[in-house]
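Structure, as structure tokens:
The values are calculated or read from the model by the stated rules, or taken from the named source; none is laboratory data. Note that this is a predicted model, so its numbers are computed, not measured. A quick note on method: Cβ atoms are made from the backbone with ideal geometry, for glycine too, and the neighbour counts reach across all protein chains shown.
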Amino acid sequence: MADAELKQKVEELVAANPVLLFMKGTPEMPRCGFSMRVVQVLDSLDVEYGAIDVLPALQPLREVTTEISDWQTFPQLYVNGELLGGADIVEEMFDSGELAEALGVEQPEAVAAPAAASTTAPPAQSPPLQIE
């Protein structure tokens, strides 16, 4: 069973952030290829998002997200409180235009290369998550 206090904190963060990414590492320094792929997609859409590095508390967060959304692998992208999915689902949604629609942004014209996202955009900021 997941830690009740951590679960409440995660639920509050999901509710408070319109776009929230649970990932390994940070947007500036992803620590796995799947997380990096989701960051590249989000950056190519030029959306603001919060990001939480799950590595400091991987197993407790895995238990919490399994209870909240029945999904235990990372990354996980939440939009307006709902889990969209992990890297493969996010990329499929990006390719079809569904992700831009869900985020309320314009689909970029050059869909083929999310890796070519602009590096001049300010980095996304992670909301504070203290785990003890």
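Can you tell me which residue within the range 66-79, out of those that are at pLDDT below 95 and of a type outside the set (G, A, S), is surrounded by the fewest Cβ atoms within 10 Å (Cβ to Cβ)? Taking the candidates together, the pick is D70.
Among the residues of the range 63-76, the ones that are of a type outside the set (V, I, T) and closer than 10 Å to F22 by Cα come to 3 in all. For the range 59-87, taking the residues that are in a helix (DSSP H, G or I) and without any contact (Cβ under 8 Å) to a residue 24 or more places away in the chain, the one that is nearest to M36 (Cα to Cα) is identified as R62.
Among the residues of the range 1-33, write down those that are surrounded by 19 or more Cβ atoms within 10 Å (Cβ to Cβ) and either assigned to a helix (DSSP H, G or I) or among the acidic types (D, E) (or both). Once the filter is applied, which keeps residues that are surrounded by 19 or more Cβ atoms within 10 Å (Cβ to Cβ) and either assigned to a helix (DSSP H, G or I) or among the acidic types (D, E) (or both), the range 1-33 yields V10, V14.
Let's see how each residue does on (1) surrounded by 15 or more Cβ atoms within 10 Å (Cβ to Cβ); (2) modelled with pLDDT of 95 or more; (3) touching a Lys or Arg at 6+ places or on another chain (Cβ under 6 Å); (4) among the small types (G, A, S):
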residue: L42; (1), (2), (3), (4): yes, yes, no, no
residue: A57; (1), (2), (3), (4): yes, no, no, yes
residue: V64; (1), (2), (3), (4): yes, no, yes, no
residue: I89; (1), (2), (3), (4): yes, yes, no, no
residue: V105; (1), (2), (3), (4): no, no, no, no
residue: A112; (1), (2), (3), (4): no, no, no, yes
residue: A115; (1), (2), (3), (4): no, no, no, yes
residue: T120; (1), (2), (3), (4): no, no, no, no
residue: Q125; (1), (2), (3), (4): no, no, no, no
